[in-house]
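Before any comments, here is the structure.
The values are calculated or read from the model by the stated rules, or taken from the named source; none is laboratory data. Every value quoted in this text rests on a predicted model; they were computed, and no experiment measured them. Cβ atoms come from the backbone with ideal geometry, glycine included; neighbour counts cover every protein chain shown.
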Amino acid sequence: MSMHYYQLHQVLKQLFESAGSLKKSEDLGIKISHHAFDSQEGRYFLPGSNHLFCDHHQVGFKEHLLKQHSSLSDIESTDFSIECNTSFHYHIVQDLHQEQAEGVVIMFHGLNEKKWDKYLPWAYEIAKQTKKAVLLFPIAFHMDRAPELWSSRQEMYIISQNRTDTFPDNTDCSYVNAAISSRLESNPQRIFWSGLQTYYDVIRLVYEIRKGTVPEISKHASFDLFGYSIGSFLSMILMMANPKNIFSNAKLFCFCGGMTIDRMYPISKYIMDSRAAIAMQTSFTELLNTDFKHDERLAHYQNSEYHKNESWFKTMLRYNFFQKEREQRIGELQHQIKAFVLKQDRVTPPIEALNTLKGGYRDIDVPVQIEDFEHPYSHMIPFPLTIRNAEQVDASFNKFVTAVSEFLMD
């Protein structure tokens, strides 16, 4: 690499944020394009819609009641009314001299992310090494699909302080996680509905590419998936479901992920506070134990007879539920999935990637590469932007992107 990782990050950030819908860099040999996208299926299931309806089965539903907290007054807009979540942009990073990419890697980010900065060097190197376009796609209510208010330090500090004062036992409150913590505590099922919206968005995205409406990518292009953290969780469900046979020949690379959601530990000032995490895990445990009987709408979408594809979600909620079905399906996909996990990662521990992807009896042949970088790192910051450990970070980053590229090109 001609420049250090922290330098590459800065150059790509400046390029990404510069004016225009198409940016080119002769020095880096890449181009970045921004594409408008309209999400159209959310009206059928997002909280707050007055058209909660399963079009496939022609059945309507009533809104599942939310718990209300006084701290939510400024951010508890109904999900369906949040316009930036419906009309937004995705981004394509590819080789500068490539007219149309013959392969595309759809990259999903982590939970509570607001900016693409961290992912730009990853996308850049993967695009350069694989000659595939890397498509950065935002999960519902993340990146620029989240209102600016949710990132306001001043506004969110007030909500964070309220959560701390009201619940003294609550830990890891911060202005960074105040919005997502409040929203998930009031309605943990949002994890599913926002994921379902993104699931349908990806199907629509692939169809748009297949119709030839995305000039940077061939309508005959191959598709692969890259998921980081909760993006791996979403990617696993997409692979298991394989809607419309879109991902029959796809590969999935999981970075700091791959486990069931109960084996992730997201309590962090950067992700969510303890009350939100406990509410989410408690809610899904109760729903699974009662076969979703207290949420008729979620029960419908998690019924494998009605929604075979969407119901793979429930198999990834708790390790001890639907283990047989989950491991059988992962076994069928074992040569299409690889995980790269970090030994000191406390949010997505490597042992849990082994448990989920290799199975309880270690009889699934999904490769799980466990690394322990020589420099300080964390789940949120695997590659620190520091001068002090620049050479070690470069080595770690090269090891990572080499693993990704070799797997996706194999």
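Here is how the numbers come out for the structure above:
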{"quantity": "Selection from the range 203-236 of residues that are surrounded by 22 or more Cβ atoms within 10 Å (Cβ to Cβ), assigned to a helix (DSSP H, G or I), touching a helix residue (DSSP H, G or I) at 6+ places or on another chain (Cβ under 7 Å) and aliphatic (A, V, I, L, M)", "calculated": "L234"}
{"quantity": "Set P147, P168: member being without any contact (Cβ under 8 Å) to a residue 24 or more places away in the chain and more than 24 Å from T348 (Cα to Cα)", "calculated": "P168"}
{"quantity": "Failed item, numbered, when F223 is tested on (1) closer than 24 Å to C254 by Cα; (2) among the aromatic types (F, W, Y); (3) more than 19 Å from the chain's Cα centre (by Cα)", "calculated": "(3)"}
{"quantity": "Qualifying positions in the range 367-380 - aliphatic (A, V, I, L, M) and either in contact with a Ser or Thr (Cβ under 9 Å, 6 or more places away or on another chain) or without any contact (Cβ under 8 Å) to a residue 60 or more places away in the chain (or both)", "calculated": "I370, M380"}
{"quantity": "Members of the range 355-372 that are among the hydrophobic types (A, V, I, L, M, F, W, C), more than 19 Å from L225 (Cα to Cα) and crowded, with 18+ Cβ neighbours inside 10 Å", "calculated": "I364"}
{"quantity": "Selected residue (criterion: farthest from the chain's Cα centre (by Cα)) from residues of the range 352-410 that are among the aromatic types (F, W, Y) and more than 26 Å from N249 (Cα to Cα)", "calculated": "Y361"}
{"quantity": "The range 310-345 - residue that is in a loop (DSSP other than H, G, I, E, B) and touching a Leu at 6+ places or on another chain (Cβ under 9 Å) and, of those, surrounded by the most Cβ atoms within 10 Å (Cβ to Cβ)", "calculated": "L317"}
{"quantity": "Selected residue (criterion: farthest from N303 (Cα to Cα)) from residues of the range 28-59 that are modelled with pLDDT under 95 and of a type in the set (D, E)", "calculated": "E41"}
{"quantity": "Of all residues making up the range 22-52, the number that are small (G, A, S) and over 23 Å from T198 (Cα atoms)", "calculated": "2"}
{"quantity": "Qualifying position, being of a type in the set (A, V, I, L, M, F, W, C), more than 30 Å from L317 (Cα to Cα) and free of Cβ contacts under 8 Å to residues at least 24 places away in the same chain, among A390, A395", "calculated": "A395"}
{"quantity": "Search result, residues across the range 21-33 that are surrounded by fewer than 17 Cβ atoms within 10 Å (Cβ to Cβ) and not polar (S, T, N, Q)", "calculated": "L22, K24, E26, D27, G29"}
{"quantity": "Single residue of the range 373-410 satisfying the filter (among the charged types (D, E, K, R) and outside any loop (DSSP other than H, G, I, E, B)) that is surrounded by the most Cβ atoms within 10 Å (Cβ to Cβ)", "calculated": "D394"}
{"quantity": "Total residues in the range 248-286, condition more than 23 Å from F167 (Cβ to Cβ) and crowded, with 20+ Cβ neighbours inside 10 Å", "calculated": "11"}
{"quantity": "E352, sole failed condition from (1) touching a residue at least 60 places away in the same chain (Cβ under 8 Å); (2) buried (at least 21 other Cβ atoms within 10 Å of the Cβ); (3) farther than 21 Å from E125 by Cβ", "calculated": "(2)"}
{"quantity": "Selected residue (criterion: farthest from I267 (Cα to Cα)) from residues of the range 184-211 that are within 15 Å of the chain's Cα centre (by Cα) and of a type in the set (S, T, Y)", "calculated": "Y200"}
